[in-house]
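Here the structure is laid out as structure tokens; the discussion comes afterwards.
The values are calculated or read from the model by the stated rules, or taken from the named source; none is laboratory data. Because the structure is a prediction, the values reported are computed rather than measured. A quick note on method: Cβ atoms are made from the backbone with ideal geometry, for glycine too, and the neighbour counts reach across all protein chains shown. Protein only, heavy atoms only, side chains kept; ligands, DNA and RNA dropped before computing areas. Shrake-Rupley method; radii C 1.70, N 1.55, O 1.52, S 1.80 Å.
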Amino acid sequence: MNIRIQQLGKRFGAFAALDGVSLDIRSGELLALLGPSGSGKTTLLRAIAGLEQPEQGRILFDGEDATGLSVQARRAGFVFQHYALFKHLDVRSNIAFGLEVRRGAARWPKARIDARVEELLSLVQLDGLGGRYPTQLSGGQRQRVALARALAIEPRVLLLDEPFGALDAQVRRDLRRWLRELHDRTGLTTVFVTHDQEEALELADRVAILNRGRIEQIGTPGEVYDQPASPFVYGFVGEANRLPARLQGEVLEVAGARWSRNAQVLPDADALEVFVRPEDLVVAADGDWPATVGSVQRSGSRQRLRARLEGVAADVEVELPVGSPAYAGGESIRLAARRYGVFPVAES
């Protein structure tokens, strides 16, 4: 199922949780909604599920207006961060719950419900654990039960709200790989919310980055990391050094270095900033900026330098690849940028 979000708006008092959000979610894709707390990502997910009603805009499921549909009519499987399992029910009963509460013609025979539960226990790799209770399971196992319960109703879309936020780092990594494999097997349109950029970039087909109720950028993990569309995306997805710049005719002056404008499309503003990721700064004999190494951090064969650019009193972080020469504090080097972004200085 494809989902189209058109100019969605939602306020909580004076706070605009969603401010004219438009987004197309492709059928069968795994889309991440990434952003800081308060950016609107969970409100958008809940609006898709029918748990929040927008004040403006529309939500279309396969071209049909679903904005006014009930939660049940939307057939969305929802997974919460803290599992929301019934402690007094065993695993089988938790998974079967959404099927057993159906009434009338929608109610399945018990044999069909039992077969569906066993099928899902196998799918989420919990064979033999159907008789256990949530308190007898690990955090990762509980989240698998929550996913199985969401899948039991044969949803048209799977929605996950920070599904791994309550788990430790190693379990999160394992479950991320498992969820990607599960998605590829089921082919369900899946939308998940996270504030963890590593999680979004590793798991998703595309990432929608939200900030203050609006979408800053949407693209593949490679696009949002390598081609950030705004200073916010540069700073939120990965790290970035910020260097003062100004345009003088056909020359862009960046922290004392002078670059030819060439065919670059640059912002029309008096004050500019250049954003450069630490791994996009390289040590080169003919580099643009003379610098002095301040501190050196080693992680295995990798080096991370903190260096001060001479003449502009600007400190930058430099991440050097495996096999680079070793540097020491106080050493003089020259730096160049192999990739960067230019943006107007944001008004305070």
Any idea what diffusion coefficient the stretch 190-348 gets from Stokes-Einstein, in µm²/s, Kirkwood Rh on alpha carbon pairs, 4 °C, 1.567 mPa s?
76
Using a Gaussian network model of the chain with C-alpha springs under 10 Å, which one of Q56, Q197, Q248 is most mobile by mean-square fluctuation?
Q248
Near K10, which aspartates and glutamates are there with a Cα under 20 Å away, not counting those fewer than 8 places off in the same chain?
D19, D24, E52, E55, D65, D161, E216
Using label points projected 7 Å from each Cα along Cα→Cβ, tell me how many nm separate L51 and Q125, to one decimal.
2.6
Karplus 3J(HN,Hα) series, Hz, for the stretch 254-261 with 6.51 cos²θ - 1.76 cosθ + 1.60 (x for Gly, Pro)
10, 6, x, 7, 10, 10, 5, 5
In the stretch 1-92, carbon and sulfur make up what percent of the accessible area (probe 1.4 Å)?
49
Please report, as a whole percent, how much of the solvent-accessible surface of the stretch 118-227 comes from carbon and sulfur atoms (probe radius 1.4 Å).
41
Solvent exposure ordering (accessible area, 1.4 Å, most first) of Y225, Y234:
Y225, Y234
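Given R₀ = 25 Å, what would the calculated FRET efficiency be for T292 paired with R261, taking r from the Cβ atoms and rounding to 0.05?
For R0 = 25 Å, the calculated efficiency reads 0.30.
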Accessible area per residue of the chain at 1.4 Å probe, in Å²?
48
Highest first, please rank the peptides 325-334, 95-104 by the mean number of other Cβ atoms sitting within 10 Å of their residues.
95-104, 325-334
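In the stretch 230-318, what GluC sites (Glu not before Pro) fall in a loop by DSSP, with at most 14 other Cβ atoms inside 10 Å?
Qualifying residues, ordered by number: E239, E250.
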